[in-house]
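These notes are about the structure you will find just below.
The values are calculated or read from the model by the stated rules, or taken from the named source; none is laboratory data. Given the structure is predicted, the values throughout are model-derived calculations rather than measurements. FYI the Cβ positions are ideal-geometry reconstructions off the backbone, even for glycines, and counts take in every protein chain you see.
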Amino acid sequence: MSREHPQSPERSVSAAAPPAPAAPPAPAGPAGRPGTGGAEAPFLELLARGAAAEAYEQPVLLARAEGVPAERITELEQAKLLALRVRSELEGRRRREAELSALFETAHDLAGLRDLDAVLQAIVQRARSLLGTDVAYLSLNDPARGDTYMRVTEGSVAARFQQLRLGMGEGLGGLVAQTARPYVTDDYFRDDRFQHTHSIDTGVRDEGLVAILGVPLTLGHHVIGVLFAADRRARVFEREQIALLGSFAALAAAALDTANLLAETRSALAGLERANEIIQDRSAVIERASDVHDRLAELVLRGGGVHDVAAAVAEVLDGTVEFTEAAAVPAHALESSRAEGHAVRHREDWIAAVTAGGELLGALVLRGHPGLDPVDQRTLERAAMVTSLLLLARRSAAEAERRVRGELLDDLLDARDRDLRLLRERAARLHADLDATHAVLAARLEGGTADADQEADARRRLWAAASHLAATGQGLAAARDGGTVLLLPVTPGDTATDLARRTARHLAAAVHEPVTVGASAPVEQLTARPDTVAEAYAEARRCLDTLRLLGRSGDGSAAEDFGFLGLLLAGERDVAGFVDRTIGQVVAYDERRGTELLHTLDAYFACGMSPARTKDELHVHVNTVAQRLERVGRLLGDDWQSPARALEIQLALRLHRLSGVTQPPDRL
């Protein structure tokens with residue numbers, strides 16, 4: 001029994017019958033053609049009806065039995081050999097025609113591939129039919145497990161064989177899968193070229209296989225499986241049969257490749273369909289995100305603020321968005337957003353922390369929006385990032401402006417050696433008009449602490465709040481003498497005391513601690529005299545100290561608010577201002593009406609505030625005195641006769657007589 005060498009599967013073909021020897025030339029007839037003398041006629045009839053090879057011996061045997069001459073027997077022998085050669089050629093052609101037809105049908109099946117298993121089954125069936133084997137089967141490689149397994153079988157009867165797995169290099173199939181070369185054996189169990197294993201030999205024995213042919217299924221340079229044809233008896237597979245099985249293996253590999261491509265295509269199409277659905281579902285969200293991006297970019301370019309960002313995001317997300325200080329947001333939600341870097345849900349709200357480095361600046365809060373699309377969530381997060389950038393930019397700009405404003409005020413306080421023209425130009429760049437009427441205010445914190453770091457931090461917060469107030473009010477602010485000094489414009493109809501009290505309330509609200517503020521009297525033309533601002537600051541500090549001595553810490557006031565004490569506090573002893581503030585209304589009334597209310601007041605105080613004695617002093621009826629005093633009360637207020645007010649009014653009356661002060665025309 002012949003066995004094939006590993007490198008020479010073709011050796012098995014040598015076991016096939018050798019081709020028929022060439023027939024000797026027939027004697028030439030009269031016309032120069034082979035002289036068969038009609039001997040080929042019975043053989044032509046045999047060829048026509050496709051008789052078996054044994055039937056071609058019958059005409060020769062009959063001729064010998066009839067005693068036909070030897071020449072005739074020779075002619076018949078030659079005709080028989082020619083007929084057998086023609087018969088062999090016809091059978092070969094029919095076989096090749098059947099093979100080509102089977103390959104064509106398989107290719108047609110492959111072109112209309114719908115079910116991979118059906119195509120592979122058809123390939124195996126046709127291979128079995130054409131090669132005339134008992135069994136045909138196909139295995140596929142499993143890269144994950146490193147072996148090859150049965151995929152399709154035809155003619156198999158053993159369940160164990162149908163579930164067989166072959167390791168690379170094991171058995172005939174494992175060797176084909178490993179080497180990518182065809183292998184053939186006429187008796188598998190007696191062939192020591194293959195690595196026999198218990199599981200493989202048991203499966204082959206259960207199936208009863210003896211002769212096996214295996215060819216590789218290849219895609220490119222990679223083996224993806226093996227196609228087999230096997231018999232349950234010893235058999236030598238011819239070269240043509242090996243080539244035919246190889247052709248079927250190529251078609252099987254193409255079918256597998258086509259199926260894989262179709263599967264990938266279907267998967268890609270399904271993915272595209274899902275992606276298209278997602279795109280359609282998310283198109284509106286993406287448009288909103290794009291809208292937000294454009295709006296935020298525009299806001300940054302035109303210098304918008306955090307509230308502008310919140311308003312833009314609120315419009316796009318169709319909700320209420322607020323920028324909130326960190327203290328107003330639930331601590332655990334804010335910390336979670338800060339740690340994760342994403343917006344987090346808290347009850348019905350979404351919270352996105354606004355951070356810069358390690359500093360928590362606040363949060364953007366989307367109110368009443370429990371269900372938030374991931375794209376909308378990223379929109380809120382992007383808005384929080386833009387908000388942090390805006391806050392940092394504003395802070396940097398504000399700090400730079402505070403430093404510049406502080407330096408300018410320091411130079412004004414120390415203006416003796418400064419170029420006043422340059423001071424005025426610097427103020428104009430900061431939108432501060434030094435030629436307008438201003439008041440100098442001295443502010444100091446009252447919530448002192450023993451901790452030096454906390455005290456320094458509180459002072460920095462006071463300076464930051466004062467700088468912000470000065471910047472928004474077209475003024476200046478600087479840190480000085482453990483507190484803050486401000487230079488703020490005084491608006492028409494406003495007093496220095498009003499400005500001081502308003503400033504004290506504003507700063508206290510900003511730093512969450514009481515702040516005491518002393519103000520100077522309004523001053524004009526700050527750059528006219530080099531020491532104007534310094535003198536006004538000294539007056540403001542005296543007012544600040546007086547407020548603290550009087551127990552009015554946390555309040556704001558100017559010298560005009562202290563009555564006659566203001567004469568001592570004011571830097572220029574404003575006598576005319578004191579008289580005007582105290583009895584100016586009465587002076588103006590007398591001048592307009594030609595009355596004698598001032599004279600009546602002098603007599604009233606000189607007579608010990610007795611109406612009866614006053615009417616004698618003035619030589620008028622007591623009712624006249626009463627009417628005049630009632631008029632004074634309406635001008636000066638109901639408390640004008642209180643001890644403190646009475647003292648100030650008497651002092652003002654005396655200063656009025658001594659200095660000849662008259663009411664300014666603009667107050668008449």
**OP:** Name every residue in the stretch 470-488 that is surrounded by fewer than 17 Cβ atoms within 10 Å (Cβ to Cβ) and either part of a loop (DSSP other than H, G, I, E, B) or touching an Asp or Glu at 6+ places or on another chain (Cβ under 9 Å) (or both), in order of residue number.
**Re:** Q474, R480, D481, G482
Original post:
Restricted to the stretch 99-131, and to residues that are more than 17 Å from G246 (Cβ to Cβ) and either at pLDDT below 70 or more than 60 Å from the chain's Cα centre (by Cα) (or both), which residue is surrounded by the most Cβ atoms within 10 Å (Cβ to Cβ)?
Top reply: D109
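Taking Q162, is it more than 23 Å from V119 (Cα to Cα), without any contact (Cβ under 8 Å) to a residue 40 or more places away in the chain, of a type outside the set (A, V, I, L, M, F, W, C) and surrounded by fewer than 17 Cβ atoms within 10 Å (Cβ to Cβ)? Give the steps one after another, and end with the answer.
Values: more than 23 Å from V119 (Cα to Cα): no; without any contact (Cβ under 8 Å) to a residue 40 or more places away in the chain: yes; of a type outside the set (A, V, I, L, M, F, W, C): yes; surrounded by fewer than 17 Cβ atoms within 10 Å (Cβ to Cβ): yes.
It is false that Q162 is more than 23 Å from V119 (Cα to Cα), without any contact (Cβ under 8 Å) to a residue 40 or more places away in the chain, of a type outside the set (A, V, I, L, M, F, W, C) and surrounded by fewer than 17 Cβ atoms within 10 Å (Cβ to Cβ).
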**OP:** Scan S156, S139 and give me the residue that is assigned by TED's automatic domain parsing to the domain that holds A255, surrounded by 24 or more Cβ atoms within 10 Å (Cβ to Cβ), in contact (Cβ under 8 Å) with a residue 24 or more places away in the chain and of a type in the set (S, T, Y).
**Re:** S139
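Pick from the stretch 577-602 the residues that are without any contact (Cβ under 8 Å) to a residue 12 or more places away in the chain and part of a helix (DSSP H, G or I): which of them is surrounded by the most Cβ atoms within 10 Å (Cβ to Cβ)?
D590
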Original post:
Residue check, G171 against (1) out of contact with any strand residue (DSSP E or B) (no Cβ under 6 Å at 6 or more places or on another chain); (2) buried (at least 24 other Cβ atoms within 10 Å of the Cβ); (3) at pLDDT below 90, all met but one. Which one?
Top reply: (3)
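Select from the stretch 343-374 the residues that are surrounded by fewer than 15 Cβ atoms within 10 Å (Cβ to Cβ) and more than 18 Å from A393 (Cα to Cα) and list them in ascending order.
Within the stretch 343-374, the first condition is being surrounded by fewer than 15 Cβ atoms within 10 Å (Cβ to Cβ), and the residues that meet it are 347-348, 356-359, 367-368, 370-371, 374.
Matches in the stretch 343-374: R347, E348, R367, G368, P370, G371, P374.
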Original post:
Within the set of pairs 6 or more residues apart or between chains, which connect a residue that is farther than 12 Å from L507 by Cα inside the stretch 458-485 to a residue that is outside any strand (DSSP E or B) and among the acidic types (D, E) with Cβ atoms less than 8 Å apart?
Top reply: A471/E401; Q474/D433; A478/E407; A478/D410; R480/D410
**OP:** Give the stretch 296-330 a look and list any residue that's in a helix (DSSP H, G or I), modelled with pLDDT under 75 and of a type outside the set (V, I, T), or say none.
**Re:** A297, E298, L299, L301
Original post:
Can you tell me how many residues in the stretch 142-188 are in a strand (DSSP E or B) and in contact with a Phe, Trp or Tyr (Cβ under 9 Å, 6 or more places away or on another chain)?
Top reply: 12
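Would you say A312 is touching a Phe, Trp or Tyr at 6+ places or on another chain (Cβ under 8 Å) and closer than 15 Å to E381 by Cβ? Show your work before the answer.
Values: touching a Phe, Trp or Tyr at 6+ places or on another chain (Cβ under 8 Å): no; closer than 15 Å to E381 by Cβ: yes.
So A312 fails the test.
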**OP:** Using the structure shown, decide if A534 is assigned to a helix (DSSP H, G or I), of a type in the set (G, A, S) and in contact (Cβ under 8 Å) with a residue 40 or more places away in the chain.
**Re:** yes
